[in-house]
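Let me begin by presenting the structure, written as structure tokens, before commenting on it.
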Amino acid sequence: MSQQLAPIVAADQRLAGRTILQIVPDLQSGGAERATVDVAEALSRVGARCLVASRGGRMVSELQSKGGVWAPFPAATKNPFAMALNSVQLARIIRDEGVDIVHARSRAPAWVAYYAARQAGAKLVTTYHSAYGGVSPIKQRYNAIMAAGDTVIAISEYAAQRIRELHPESASRVVVIPRGADLRAFSPAAVEQRRVERLRAQWGVAPHDRVVLLPSRLSARKGHSVLIEAAKRLVKEGFSDLRVVFVGDPHSESFRRAIETQIERAGLREVVRNAGYCEDMPAAYLAAAVIVAPATEPEAFGRIAVEAQAMGAPVIISDIGAAPEIVQAPPQTPRHLATGWRTPPGDPVALADAIAEALSMKASARDELALRARAYVQERFSVEEMQRATLQVYERLLGL
């Protein structure tokens, strides 16, 4: 077993009795939210207390089951006046609860946390979870708060480089800690076949159908429109058993309607399914023939690709942002050593070609790809390593 998979030992009690408060807009779904719960679990395991200030969501019960304490808080607001009041309220919570470190994972909460931590004398950690676009001075100033922590966690080398370029004054405070996947849950051996069959039935796909899965929030930058165009091309090329499934909450109702309209106009109403939120993602990856994450804008990480590779599923992602760190593919890696595919963003032809290649793989080649992909994730992206590295950041800030 890789050394990175070794559990956080209970003997490490340096954070025992300390209180860490994480603040995130909500606990509905997403990478920042998943990391919040994972770190809360690690803190509980070593005897520390972890509060999570958030407006809540479907992940609250999981947080509580893993030892975290939910502190209901209107952290999602972007109203400047409400944020000022939130800062005062959060400072009071920090003092009352004896919080040692505040860990902010999103911009609006980070502004609130910055002033609250300064008022109450707590340390501040920020995690740079996104590439954070924006060219106007106002937007750049708003984004800069994510580089203002006493320690700034970048979730990839790409994100770290972006911080150094945009916020050079923060370069000495940057620590790279990639997100991690729970390789106990995201393991083919851990998923019973009936879970896979149940999901496919919910999606309305036949046993012989081959599923192309895009597991991401319905958002313009996630590339749903690109995949619809690629699917249209594949159907014309004769892939009659192709079924495209979107799983994830909609970013907005207007975008969901726009996607439904595009599906209808492309003549793919019987091909593309919008399945909504999925609670059993390990089974979802096994239920698909190919996983795609065709983002049209650079992303600071690729959680979908990491989880898919952990499950041994063929995965295709856009070749931008942190992609080269997440999926090994040509030209940097020979095809026979690759763990997946990377295609140019916004290119439905290249995406269709990659999907066709993945669907055409022989069983032996697919098995070899699965072994390489899982080994790659085990070596680099375990949740245990992410937890351990994050706790070490807290320890260093507290001088432990």
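The values are calculated or read from the model by the stated rules, or taken from the named source; none is laboratory data. All values reported here derive from a predicted model rather than from experimental measurement. Please note: Cβ atoms are built from the backbone with ideal geometry, for glycine as well, and neighbour counts cover all protein chains shown.
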task = Could you identify the single residue in GLY276, GLY312 that is out of contact with any Phe, Trp or Tyr (no Cβ under 6 Å at 6 or more places or on another chain), under 16 Å from LEU214 (Cβ atoms) and small (Gly, Ala, Ser)?
result = GLY276
key: Per-region count, the stretch 320-338, residues in contact with a Leu (Cβ under 9 Å, 6 or more places away or on another chain) and either acidic (Asp, Glu) or under 16 Å from PHE301 (Cα atoms) (or both)   = 1
message = Based on this model, can you work out whether VAL46 counts as more than 21 Å from the chain's Cα centre (by Cα), under 19 Å from ILE101 (Cα atoms), at pLDDT 95 or above and not assigned by TED's automatic domain parsing to the domain that holds MET281?
response = yes
task = Test ARG380 against the stated conditions and say whether it is in contact with a helix residue (DSSP H, G or I) (Cβ under 7 Å, 6 or more places away or on another chain) and either closer than 30 Å to VAL174 by Cα or surrounded by 21 or more Cβ atoms within 10 Å (Cβ to Cβ) (or both).
result = no
ask   = Which ranges mark the helices (runs of 4 or more DSSP H) fully within the stretch 306-400 that have 2 or more residues being in the same structural domain as LYS232 (by TED's automatic domain parsing) and of a type in the set (Gly, Ala, Ser)?
value = 348-359, 363-380
remark   = Scanning the stretch 147-172 for residues that are buried (at least 16 other Cβ atoms within 10 Å of the Cβ) and either under 19 Å from GLY302 (Cβ atoms) or not assigned by TED's automatic domain parsing to the domain that holds ALA117 (or both) gives ILE153, ALA154, ILE155, SER156, TYR158, ALA159, ALA160, ARG162, ILE163
When residues of the stretch 64-93 are limited to those that are surrounded by fewer than 24 Cβ atoms within 10 Å (Cβ to Cβ) and in contact (Cβ under 8 Å) with a residue 40 or more places away in the chain, the one farthest from the chain's Cα centre (by Cα) = ILE93
note = How many residues of the stretch 285-305 are under 24 Å from PRO348 (Cβ atoms), assigned to a helix (DSSP H, G or I) and touching a Lys or Arg at 6+ places or on another chain (Cβ under 9 Å)? The answer is 2
query = Does LYS222 satisfy the condition of being more than 30 Å from GLN392 (Cβ to Cβ) and buried (at least 21 other Cβ atoms within 10 Å of the Cβ)?
reply = yes
request  = Among residues belonging to the stretch 163-194 that are farther than 22 Å from GLY30 by Cα and touching a helix residue (DSSP H, G or I) at 6+ places or on another chain (Cβ under 6 Å), point out the one that is modelled with the highest pLDDT.
outcome  = VAL174
